[in-house]
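Remarks on the structure that follows.
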Amino acid sequence: MRAALRAKDSTQEVKKDEKRKATRERHLKFADVYQMVNKINRVGRLVFAGDPANLALFETKWPRWNGQVTVVSESEVDAPAEQPATGDIG
């Protein structure tokens, strides 16, 4: 019985570690996408500076970001996602 509990505990710890790793990877991928979208928006604003109709397509509603990926705790991973703050990226 004790061995079975240790095996289950070990399995659970491995799954926790995998979940944390997946969360970190997801945050890193998000950071890559965020940076690429901001590059596209900056170029679009330069290219369409004289065209207000198309310029509006490159105005972003994403919040300002400091460029760092935050590693969250397990309780934050399990918590429901919050709505992102709105702001201007400049």
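The values are calculated or read from the model by the stated rules, or taken from the named source; none is laboratory data. Please read all numbers here as calculations on a predicted model, not as lab measurements. Note that we place each Cβ from the backbone using ideal geometry, even for glycine, and neighbour counts take in every protein chain shown.
Points worth noting:
- Test for residue 41: is it modelled with pLDDT under 90, in contact with an Asp or Glu (Cβ under 8 Å, 6 or more places away or on another chain), surrounded by 12 or more Cβ atoms within 10 Å (Cβ to Cβ) and assigned to a helix (DSSP H, G or I): yes
- For residue 75, the conditions (1) part of a helix (DSSP H, G or I); (2) at pLDDT below 85; (3) under 14 Å from the mean Cα position of the chain (by Cα) all hold with the exception of (3).
- Here residue 49 fulfils each of the conditions (1) surrounded by 10 or more Cβ atoms within 10 Å (Cβ to Cβ); (2) of a type outside the set (Asp, Glu); (3) part of a helix (DSSP H, G or I) apart from (3).
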